[in-house]
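A quick write-up on the structure given underneath.
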Amino acid sequence: MRAKPKSIFVSVFFLAAVFLIGALLGCQQEVRYSPSEISGYPEATQKLIREGKVAMGMTPDEVRYAWGAPSEVNILPPTSDGKSRQEWVYKDTLSLSKTSLFFTDGRITEMTSSGISSRKFVSPSTESK
């Protein structure tokens, strides 16, 4: 017995709706810290973390509290004066966007974003740490 075209459409629509809801729920920002864990940071840094934002000069721990664990971490060659460098890459669930944070000697020194980004970062000209 063949399925009716209308029932196939309903099944496909239902599966697409479930997938979309799951993707949207996956974008919800959960709290990655307790208030006591960030209480030792300056108030401006605590505010950024609570808002899910990162800014130039933040440490890896501060970024982890604000955004969670990165999708990947790349160890980069050191600077000419021997400072350590890392790239933290954040990709969204569907890989439609990618945000890279570059750390030099344990502080964000560069941020790049491509695609449809929902990640929040503060440029040095709009807010300082």
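Here are the numbers:
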| read-out | value |
| --- | --- |
| PRO70 outside any strand (DSSP E or B), of a type outside the set (Ser, Thr, Tyr) and over 24 Å from ALA44 (Cα atoms) | no |
| Whichever residue in segment 55-88 is closer than 14 Å to ASP105 by Cβ and among the hydrophobic types (A, V, I, L, M, F, W, C) and, among such residues, is surrounded by the most Cβ atoms within 10 Å (Cβ to Cβ) | MET58 |
| Selection status of SER95, among the small types (Gly, Ala, Ser) and at positive phi | yes |
| Members of segment 63-87 that are in contact with a Leu (Cβ under 8 Å, 6 or more places away or on another chain) and not small (Gly, Ala, Ser) | VAL63, PRO70, ARG85, GLN86, GLU87 |
| Output for segment 89-115, where each listed residue is surrounded by 15 or more Cβ atoms within 10 Å (Cβ to Cβ) and hydrophobic (A, V, I, L, M, F, W, C) | LEU101, PHE102, PHE103, ILE108, MET111 |
| Residue that is modelled with the highest pLDDT [pool: residues in segment 82-129 that are among the acidic types (Asp, Glu) and not in a strand (DSSP E or B)] | ASP105 |
| Criterion violated by TYR65 - all others in (1) modelled with pLDDT under 95; (2) in a helix (DSSP H, G or I) satisfied | (1) |
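The values are calculated or read from the model by the stated rules, or taken from the named source; none is laboratory data. Predicted model only: the values in this text are computed from it and were never measured. Because the Cβ atoms are built from the backbone with ideal geometry, glycine has one as well, and the counts that use them run over all protein chains shown.
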